[in-house]
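Peer 1: Here it is, the structure in full.
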Ligand SMILES: *Cc1c(COP(=O)(O)O)cnc(C)c1O
């Protein structure tokens, strides 16, 4: 029994109206609340649907009960965490990708070709050699994990895939600043190397890795008989947007014979701006670079990416010969490169399409300019906050992230409530973090829809809520 609609023209009418709903959702996003509490689905809707529902009715349910209750990140007032805002071009790309429904694990079709095209664009953007390898993954967490596995294979040889590393009697140790993203610890755990073997190195006043402490730590581990294998630089930390000295880290990695990985999830795309690019000097020297198209390049979720300098490193880490995946010389089962040989996934969606649509339509320069604008907004926010006696800056602004707090007694408690109140109000959504043991309101300005007026109104809103919560409203 075919599952296609019986009446294609009725389907087409409803489908067109849903396309309009999708476009309206983005075009008029500023008029909607950033966030509202999602309703509980009624009991009837929770039951698994054994019988069909009219497509029209399903669409109506979607518009009423699902569409308005998103996570806010397309809204110009969203400054929480580090999340991309998407673009309308992404809507169309996702629609078309679903129509093609490619499985991009391998075989001989345009999905693989387009992914290769994206790899070559990224080689040129980041100054990687043509011989390097690239691959879409769900996000930078996965990309960092895959890079770590490649580094392990290089350090311990192909054999480590079969025998593991537990019988070694020596520990593989990795190095990163204490500001490194939590997914790196988790990657050590998932790889079976143990998060206690990730050395957290202290930072300087800009929250970048302290190079002297790094050298000392490597030396100490070697003296202990451990095997230092991986150095991770942050190109934009999640707490404050700090950038490690990537060129200096590349030198240290070369001298110590470590795999040099850069986590560029947040910041790597800044190289699209000629103004910001110098801050990332040395990024092209990495053995591997993880980044996200779904953050500052605004490709719809999800679209992470990994570049590795040595084309074979991913293939020796993941490649296998399975009879049911054997290759032919011609036809659909041909093809030089099957992404499943370079990463953990077999079935993979067509992430290259939405990325191709977005980058091609906008151009890298426009993306760079929108990133610059976000960084200027963070500077504006910093100025406004410095001018206001009720507010206090908590960390320097390197890129687009600004950490501050409302001054008060019981500051941590008050500021936590302040962030909650802002979220519930649904106009602005900063997130929070701890800076040197202090609760901080964290504004990560990443949204290409955020304008100066949003920044100004955000500060007023923070003041209003802060004063009200402290009971000092005049
Ligand atoms: C977001 C982020 C990650 C994790 O990336 P995902 O795409 O969410 O998996 C890692 N590192 C940094 C610096 C990030 O900002």
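Peer 1: Is it the case that the range 161-172 has a residue that's at pLDDT 95 or above and either surrounded by fewer than 21 Cβ atoms within 10 Å (Cβ to Cβ) or more than 20 Å from residue 217 (Cα to Cα) (or both)?
Peer 2: No.
Peer 1: What are the residues in the range 298-314 that are farther than 14 Å from residue 116 by Cβ and within 12 Å of the ligand (Cβ to nearest atom), if any?
Peer 2: Those that are farther than 14 Å from residue 116 by Cβ and within 12 Å of the ligand (Cβ to nearest atom): 299, 301, 302, 303, 304, 306.
Peer 1: Here are 355, 398, 361, 340: which of them is in contact (Cβ under 8 Å) with a residue 12 or more places away in the chain and closer than 20 Å to residue 235 by Cα?
Peer 2: 398
Peer 1: May I pose another question? When you look at residue 88, is it within 22 Å of residue 292 (Cα to Cα) and surrounded by fewer than 18 Cβ atoms within 10 Å (Cβ to Cβ), yes or no?
Peer 2: Taking the combined requirement at face value, the residue satisfies it.
Peer 1: Of the residues 265, 286, 290, 253, which is in contact with a strand residue (DSSP E or B) (Cβ under 6 Å, 6 or more places away or on another chain), modelled with pLDDT of 95 or more and away from the ligand (no atom under 15 Å from the Cβ)?
Peer 2: Only one candidate qualifies: 253.
Peer 1: Counting only residues that are within 16 Å of the ligand (Cβ to nearest atom) and part of a loop (DSSP other than H, G, I, E, B), which one in the range 136-171 is nearest to residue 82 (Cα to Cα)?
Peer 2: The qualifying residue nearest to residue 82 (Cα to Cα) is 139.
Peer 1: Just one of the numbered conditions (1) buried (at least 23 other Cβ atoms within 10 Å of the Cβ); (2) under 30 Å from residue 79 (Cα atoms); (3) modelled with pLDDT of 95 or more is not true of residue 240; which one?
Peer 2: The failed condition is (3).
Peer 1: Let me ask something else about it. For the range 449-463, which residues satisfy the criterion of being surrounded by fewer than 21 Cβ atoms within 10 Å (Cβ to Cβ) and either in a loop (DSSP other than H, G, I, E, B) or touching a strand residue (DSSP E or B) at 6+ places or on another chain (Cβ under 6 Å) (or both)?
Peer 2: 449, 451
Peer 1: Further question on the same structure: Can you tell me how many residues within the range 418-442 are surrounded by fewer than 16 Cβ atoms within 10 Å (Cβ to Cβ) and more than 26 Å from the chain's Cα centre (by Cα)?
Peer 2: 0
Peer 1: Looking at the range 208-247, which of its residues are away from the ligand (no atom under 14 Å from the Cβ) and touching a helix residue (DSSP H, G or I) at 6+ places or on another chain (Cβ under 8 Å)?
Peer 2: Those that are away from the ligand (no atom under 14 Å from the Cβ) and touching a helix residue (DSSP H, G or I) at 6+ places or on another chain (Cβ under 8 Å): 211, 214, 215, 218, 226, 227, 228, 229, 230, 231, 245, 247.
Peer 1: Report, ordered by the first and then the second residue, all pairs with beta carbons closer than 7 Å, sequence separation of six or more or different chains, a first member in the range 298-310 that is under 12 Å from residue 263 (Cα atoms) and in contact (Cβ under 8 Å) with a residue 12 or more places away in the chain, and a second member that is assigned to a loop (DSSP other than H, G, I, E, B) and within 10 Å of the ligand (Cβ to nearest atom).
Peer 2: 304/138; 304/139; 305/293
Peer 1: Let me ask something additional. Tell me, yes or no, whether the range 136-159 has at least one residue that is closer than 15 Å to residue 221 by Cβ and over 24 Å from the mean Cα position of the chain (by Cα).
Peer 2: yes
Peer 1: Here is a follow-up. Test each condition in (1) farther than 21 Å from residue 277 by Cα; (2) within 16 Å of the chain's Cα centre (by Cα) for residue 237 and report the one that comes out false.
Peer 2: (1)
The values are calculated or read from the model by the stated rules, or taken from the named source; none is laboratory data. Only a predicted model underlies this, so the values are computations on that prediction, with no experimental measurement involved. Note: ideal-geometry Cβ built from the backbone for every residue, glycine included; neighbour counts use all protein chains shown.
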